[in-house]
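Have a look at the structure below before the remarks.
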Amino acid sequence: MDSINDNADLRGRVSGERYQSDQQMHLADRVLGAQRHICAFFHDRDEEYRVLLPFIKEGLDRGEKAFHIIDPGLREEHLERLRSAGIDVAATELSGRLELRNWEEAFLQGGYCGKDRMIAMVQEIFERGRQQGFPLTRLVGHAEWVAGNWPVDFVEYEARLNYVLPQCKDPVICTYDLAKFGGNVLVDIIRTHPMIIMGGVVQENPFFVPPDEFLRELSLRNASQAA
């Protein structure tokens, strides 16, 4: 596995001026700090949207971009939830402030695209947002597409994002439906995110493991399983 050897390359790949703003970013009644890679665990969609809609609307009201990766079967419900928060979906999509992508478009073009392409996609989303003139892009990605068909390197992707995301202020919220994931999977997901939402509360994650350490452990674990 070349994950640790690729660290320097990942750290240097994000380019451009970083947005400097005195405006605070709020999520679940808390001000977000520098750590903006967040895993969000929800029991149902009502809980999810109760937490996320104010965060989404705050960004749109400030002229930031919202980029959402969603279940294609829930696209219309997602749009209706946005409308319920007072978001003019038609106008924000037309202006480019709101962009929706289905799982297939984001991760599954011609099959699972792998950790490197997914990281490149996140970087591309942020870079394109800046090129379009948006100061920030708030990325929300629904991860239920991996439930029941867990890609072997998905946790590595989540860990390696922690080399990229500290270089920018754009937040990434990875949402997980608790009913669809086993405990062993959730443990690794929790350990790859410096921030966590559980029970509708956002907090610094006491179980977060820095990426160098996590990837080293993952490499040893994979080698042991392959032996």
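General observations
- In straight-distance terms, cross-link reach from residue 65 covers every one of the aspartates and glutamates whose alpha-carbon lies under 19 Å from its own, apart from those fewer than eight places away in the same chain; here that gives 17, 22, 80, 88, 93, 99, 105, 124, 127, 170.
- Annotation: peptides 89-102, 213-226, 168-181, ranked by per-residue average of other Cβ atoms within 10 Å with the highest first, follow the order 168-181, 89-102, 213-226.
- Applying the Kirkwood pairwise sum to the alpha-carbon positions of the range 27-136 produces a hydrodynamic radius of 15.2 angstrom.
- Per-residue HN-Hα couplings for the range 155-167 [Karplus 6.51, -1.76, 1.60; θ = phi - 60°; Hz; x = Gly/Pro]: 5, 5, 4, 4, 5, 6, 4, 6, 7, 8, 5, x, 7
- Around residue 46: net Lys/Arg minus Asp/Glu count, Cβ-Cβ under 15 Å: -3
- Straight-line cross-link partners of residue 180 among the aspartates and glutamates, defined as a Cα under 13 Å from its Cα and at least 8 positions apart when in the same chain: 44, 144.
- Each residue of the range 76-83 was assigned a 3J(HN,Hα) from its phi angle through the Karplus expression (A = 6.51, B = -1.76, C = 1.60, θ = phi - 60°), giving 5, 4, 4, 4, 5, 5, 5, 4 Hz with x at Gly and Pro.
Computed from the coordinates by the stated procedures, all read-outs in this text should not be read as laboratory data. Worth saying up front: this structure is predicted, and the values here are computed from it rather than measured. Quick reminder, even Gly has a Cβ in these numbers, built from the backbone with ideal geometry, and neighbours come from all protein chains shown.
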